[in-house]
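Each remark here refers to the structure printed beneath this line.
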Amino acid sequence: MKNLFERFGQLVPELHPRPTASEHHIPQAHEADEPEEPSYFEYFFDQPGAMPGTLSIEEDAPPPNIILIDYNADQAQRVHLEQPELITPYLDRESVSWIDVQGLGNEDILRRVGQVFGLHPIVLEDVVNVPQRPKVEDHQDQVLVITRMVTPKEDLKGFYAEQVSFILGKYYLLTVQEEPDRDCFGLVRQRIRTSRGLIRQHGADYLAYSLIDAIIDGFFPVLEDYGERIELLETQVVTHPTRQTLEEIHKVRRELLSLRRAIWPQRDAINALIRDSNDLISPEVRIYLRDCYDHAIQVLDMVETYRELAASLMDVYLSSVSNKMNEIMKLLTIISTVFIPLTFIVGVYGMNFNTEISPWNMPELNWRWGYPACWAVMLSIAGSLFYFFWRKGWFQDQSQVELD
């Protein structure tokens, strides 16, 4: 029996705890010097049979920073909190408390944050295990909103994408970001600090709207960069298509598909905030959310337009390559056509018939001007063919297109 269990242990792999997100999503590079291509298409998934509420922290996730901005109509303060428990006194105040957790690199701190806000383990799992599909969920006296935020890269080729989660309460708003270094909330913080606009005269629901609106508006600079890239690719495809052009078109199409996957469910999530009858969102804020919904529709329309343009660029690239191939084949055909009669003449006079045996055996070989006459005939034939092709316009390059 002991040997049987030993053999069974060799066949069945040892059961391990639930793997981390790095084991799920980040394949190890074969060589350390090869940069890893970012993936724009992954959603987080649980290992079959994993315990609900299990948190999966990526190894390279930055440690969380907790920033508290507490404000009302008269004043505003910004505090950096070292411990999550220091948030508790601010949750029951009449003022609005914005708790911004930047980074997901410490499971203990994230669980303590969940305890302070009374988050359900499933809610905390959705917040921490990224990326999730954008959505809206009601949880008693809280509303969970998961969004995708994009920011343009420094070289204006591509974008950074990260998940931003919102937990909306009556007097507070908890936001959880993946990265502490970049977001699109700078203008919102400035409005709170300088008391510009209506943000300090409203509650936490208006703050949530302002941040979601900033996320949606953050898509426009990214799409502007893609518009410029597509215009440049159009010029390259028509004038000088190369393999690098094809690779760039393919890359743009993939990234635009990722943007579509980010904005499409986000539009539905904003629509859910508008239509759901939740007391945490006032009717006035729902009107503002309608404007945010319109912006999401505009972003989606731009993404779809650019995707169609990128798809048409692929067709134009194939047509351009085909046209250039046709030009090459046309040139080779002209050369072959010119040399066919010349080859025939040379082949005829390459036959070794003895002229002394019969007077019909190539008598022109004994002519005094036979060789120059042969050259004159061949040159006249070649010249006539070239003139004929020129009159037909076959020497013009039909693959070149003049751009306005």
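Laboratory data are not the source of any read-out in this text; all were calculated from the coordinates shown. This is a predicted model, so every value here is computed, not measured. In this analysis, Cβ positions are derived from the backbone assuming ideal geometry, glycine residues included, and neighbour counts consider all displayed protein chains.
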Checklist entry - Going down the list Lys153/Lys251; Lys135/Lys251; Lys330/Lys392; Lys153/Lys324, which pairs span over 24 Å between their C-alpha atoms? => result Lys135/Lys251; Lys153/Lys324
Checklist entry - Given 10 Å bins starting at zero, what is the percent of C-alpha pairs of the chain in each, up to the one with the largest pair distance? => result 4, 16, 20, 16, 11, 8, 6, 6, 5, 4, 2, 1, 0
Item to check | Karplus (6.51, -1.76, 1.60) ³J(HN,Hα), θ = phi - 60°, over the range 75-84, in Hz, Gly and Pro reported as x | outcome: 8, 8, 9, 10, 10, 9, 9, 7, 10, x
Checklist outcome for this item: Least to most buried among Ser97, Ser322, by other C-beta atoms within 10 Å and fewest first, runs Ser322, Ser97
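In which sequence would Asp108, Asp213, Asp225 go, from the one with the fewest C-beta neighbours within 10 Å to the one with the most? All intermediate terms of the calculation are to be shown ahead of the outcome.
Details: Asp108 8, Asp213 20, Asp225 16.
Result, fewest neighbours first: Asp108, Asp225, Asp213.
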Next on the checklist: Using the basic label-point model (7 angstrom from Cα toward the beta carbon), what is the Asn271 to His240 distance in nanometres?
Outcome noted: 4.6 nm
Item to check | the chain: angle of helix 2-11 to the longest principal axis, Cα-based, in degrees nearest 10 | outcome: 60 degrees
Checklist entry - Given Cα pairs under 8 Å that are at least 6 residues apart, what percent is the relative contact order of the chain? => result 13 percent
Checklist outcome for this item: The long-range amide H neighbours of Ala61, using H built 1.01 Å from N in the peptide plane and a cut-off of under 5 Å, are none
Item to check | Normalised per residue, the volume of the convex hull around the Cα set of the range 173-235 (Å³) | outcome: 109 Å³
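For the range 279-391, what is the relative contact order in percent, using Cα pairs closer than 8 Å and at least 6 residues apart in sequence?
23 percent
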Item to check | For His139, distant residues with modelled amide H under 5 Å away | outcome: Leu144
